[in-house]
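Have a look at the structure below before the remarks.
Read-outs: derived from the displayed coordinates by stated rules, not from any lab. It should be emphasised that the depicted structure is a prediction, and the values quoted were computed from it without experimental measurement. Cβ sites come from the backbone with ideal geometry, for glycine too, and all protein chains shown count toward neighbours.
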Amino acid sequence: MVERQSVTLGIVAWHGRVKEFDYFKAWLLFFLIATIGAGLAGLIVGSVLAAFLGAAGMPTAQMTRVLQIVGFLIGIPISYGTFRAVIGKYLLSKLWEDDDFHGE
C-alpha cells in the first residue's frame, strides 16, 4: 500500500513539473537530431556500401533493398541514443531538481 502511494505521488509530481512546452521541446529536438543524424550516417555508410556492392556487380534492384535495410538498422541506435539523451536532459532533469522527490 505504501509503495502504491509513492508511485501515485510521483505521477502527480511529474505532471506538476513538466509542462506541455517541455514535452514539445523534447520531441522536436529528438525528431530533428534523430532524423538528421540517421540521414547523415545512412548517407555515409550507404555510399561506401553502395560502392562496394556496385563494384562487386550486384544488380541495382538488389542493392537498393540491401541499402534500405542497412539504413533502417543504422537509424535504430541513433534514434535510441537521441531519445535517451533528450528525455534525460529535458524531462527527467526537471523531476530531479527537487531533492524531496527522489528521497534524498
Quiz prompt | Computed label-point distance, nm, for sites Ile69 and Phe31 using a 7 Å Cα→Cβ extension | solution = 3.1
Self-check item: In order through the stretch 59-64: 3J(HN,Hα) via Karplus (6.51 cos²θ - 1.76 cosθ + 1.60), integer Hz, x for Gly, Pro
Solution: x, 4, 4, 5, 4, 4
Quiz item: Using 7 Å Cα-to-Cβ label points, what is the Gln62/Phe83 separation (nm, one decimal)?
Solution: 3.4
